[in-house]
1. Are there any pairs, at least 6 apart or on different chains, whose C-beta atoms fall under 7 Å, with the first in segment 16-39 and under 11 Å from GLY116 (Cα atoms) and the second of a type in the set (Lys, Arg), and if so, which?
2. Can you say whether SER21 is closer than 30 Å to PRO123 by Cα, of a type in the set (S, T, N, Q) and not in a loop (DSSP other than H, G, I, E, B), as far as the supplied structure shows?
3. Would a scan of segment 69-90 turn up a residue that is touching a Leu at 6+ places or on another chain (Cβ under 9 Å) and farther than 18 Å from VAL119 by Cβ?
4. Need the failing condition index for SER85 against (1) under 14 Å from VAL121 (Cα atoms); (2) part of a strand (DSSP E or B), just the number.
5. Just name the residue that is farthest from the chain's Cα centre (by Cα) out of those in segment 70-100 that are more than 16 Å from PHE29 (Cβ to Cβ) and of a type in the set (S, T, N, Q).
6. Among what's in segment 83-123 and is hydrophobic (A, V, I, L, M, F, W, C) and open to solvent by 90 Å² or more (accessible area, probe 1.4 Å), pick the residue that is nearest to VAL2 (Cα to Cα).
7. Could you check, for segment 101-110, whether at least one of its residues is under 19 Å from SER25 (Cβ atoms), at pLDDT 95 or above and in a loop (DSSP other than H, G, I, E, B)?
8. I want to confirm something. Restricting to segment 83-114 and keeping residues that are of a type in the set (D, E, K, R) and touching a residue at least 60 places away in the same chain (Cβ under 8 Å), which single residue is nearest to GLN13 (Cα to Cα)?
Amino acid sequence: EVQLVESGGGLVQAGESLRLSCAASGFTFEDYAIGWFRQAPGKEREMLSCISMNNMSIYYSDSVQGRFTISSDNAKRTVYLRMNSLKLEDTAVYYCALDLVGTWCRLGEYHYWGQGTQVTVSP
């Protein structure tokens with residue numbers, strides 16, 4: 001069964017950095033994409049970044065462009081999200097999700113989700 005496990009969240013001060021990890025397992029497809037999303041209380045889910053593993057195309061949302069960096073270790077089927085210069089408004093539950101098409105990750109259909117990891121940014 002497909003499983004996605006996020007890790008790396010925590011409580012940090014504004015201006016600090018975190019690196020989130022998403023470990024994917026339970027599937028044998030080579031062409032896939034992984035996206036990072038977040039959802040804060042009372043707000044809509046937001047796509048932050050994604051990477052297509054067959055062509056390594058990458059997308060960033062305007063809200064994180066220049067601060068966050070997505071990367072991957074394809075052998076481990078693990079995708080990372082390095083978050084720099086964290087702001088109070090970055091506080092949310094962060095999720096990774098899997099698209100089994102893996103061509104244009106921005107347009108992917110993300111049907112498999114991890115449990116989420118909490119990121120809290122304090123003043």
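The values are calculated or read from the model by the stated rules, or taken from the named source; none is laboratory data. These figures come from a predicted structure and were not determined experimentally. Because the Cβ atoms are built from the backbone with ideal geometry, glycine has one as well, and the counts that use them run over all protein chains shown. These accessible areas exclude ligands, DNA and RNA; they are computed on the full protein's heavy atoms, side chains included. Shrake-Rupley method; radii C 1.70, N 1.55, O 1.52, S 1.80 Å.
1. As it stands, the answer is PHE37/ARG45; GLN39/ARG45, since those pairs meet every condition given.
2. Here the answer is yes, as SER21 does meet what is asked.
3. Scanning segment 69-90, I find no residue that is touching a Leu at 6+ places or on another chain (Cβ under 9 Å) and farther than 18 Å from VAL119 by Cβ, so the answer is no.
4. Answer for SER85: the failing condition is (2).
5. SER85
6. VAL101
7. yes
8. This residue is LYS87.
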